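The values are calculated or read from the model by the stated rules, or taken from the named source; none is laboratory data. The structure displayed is predicted, hence computed values, not measured ones. Here Cβ is always computed from backbone atoms with ideal geometry, including for glycine, and neighbour counts include all displayed protein chains.
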Amino acid sequence: MRPLFSIITVTYNAETTVERTLRSVVSQSCRLYEHIIVDGLSSDRTLSIVEEVGAPNLRVISQKDSGIYDAMNTGISEAQGDYLIFLNAGDKFHSPDTLQHMADAIMDNHYPGIVYGQTDLVDASGRKVGERHLRAPEQLRLESLKDGMVVCHQAMAVMRRVASYYNLKYKYSADYEWLLLCLQHSRHNVYLPEVICDYLSEGMTTAHHRASLKERFKIMSTYFGFWTTTGLHLKFLFRYLRRRSSAANVQ
């Protein structure tokens, strides 16, 4: 029986975080999934921990890659499920019933292109540190992404047949363009009014914030036009300054 979900986890020297992700998947009440680990030839105990946890419905691919998005493309090419979920090392489903809620939403809404929800940010210990400053909208469409990456990459399930591969010319923001491409092909998206993912906030894009913003500007200019994108980034700047001011006032 083909799985409903293909959960793809990319790892590289993730011995301190991968167990949390594995156990989050194993604890799901819904079993209609396969879990694909795509490992970039880790030199630490990552693969030993994967073996020790002994997760069901698990496939491990360990090979050299050219970066996280190349590894994600490998996961897509290997996926057998109807929907793709990317849950990277350190990230976890918010509750044991998260996958079941997503499955129910899929069945109740006649297999939509995308099912998505909200995200909590957590630190390296798994403790909540806040919510994303961008909240997922109740109506998700292509134009929604003029406000940025309004849905966390890990808080959505995307139908395999509307998903493309990641554009490897982008090192830090290929997930943003990927979602734009998915939305071009998905006409029906369903919002789950709940937290889907606990997202480890110290990710690659966070560590390379400036380079990520440059890539994001280039992608937005391609899809929405240079001048529109310039105006939007002025709005982003004011939004950022307001957020900084509010944080300072709280302190």
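Details
- Filter pass, Gln139 being more than 23 Å from Asp97 (Cβ to Cβ), touching a residue at least 40 places away in the same chain (Cβ under 8 Å) and polar (S, T, N, Q): yes
- Odd one out for Glu52 among (1) modelled with pLDDT under 95; (2) touching a Gly at 6+ places or on another chain (Cβ under 8 Å): (2)
- For the range 24-37, the criterion of being charged (D, E, K, R), part of a helix (DSSP H, G or I) and surrounded by fewer than 21 Cβ atoms within 10 Å (Cβ to Cβ) is met by none of the residues.
- The lone exception for Met72 - which of (1) within 19 Å of Ile114 (Cα to Cα); (2) part of a strand (DSSP E or B) it fails: (2)
- Test: residue in the range 210-219 that is under 17 Å from the mean Cα position of the chain (by Cα), surrounded by 16 or more Cβ atoms within 10 Å (Cβ to Cβ) and within 30 Å of Pro96 (Cβ to Cβ): no
- Listed by position, the helices (runs of 4 or more DSSP H) contained in the range 146-251 that have at least 1 residues being modelled with pLDDT under 80 and β-branched (Val, Ile, Thr) are 204-207, 226-250.
- Unique residue being of a type in the set (A, V, I, L, M), surrounded by fewer than 16 Cβ atoms within 10 Å (Cβ to Cβ) and either touching a residue at least 60 places away in the same chain (Cβ under 8 Å) or at positive phi (or both) when the list is Val115, Val122, Val53, Val129: Val129
- Any hit, the range 126-141, residues being assigned to a helix (DSSP H, G or I), aliphatic (A, V, I, L, M) and under 23 Å from Ala14 (Cβ atoms): no
- Residue in the range 65-87 that is buried (at least 17 other Cβ atoms within 10 Å of the Cβ), in contact with a Gly (Cβ under 9 Å, 6 or more places away or on another chain), under 21 Å from Asp120 (Cα atoms) and modelled with pLDDT of 95 or more present: yes
- Residues that are over 17 Å from the mean Cα position of the chain (by Cα) and either part of a loop (DSSP other than H, G, I, E, B) or within 19 Å of Val38 (Cβ to Cβ) (or both), drawn from the range 83-123: Pro96, Asp97, Asn109, His110, Tyr111, Pro112
- Asp104 meets each of the listed conditions (1) touching a residue at least 12 places away in the same chain (Cβ under 8 Å); (2) within 21 Å of Val158 (Cα to Cα) apart from (1).
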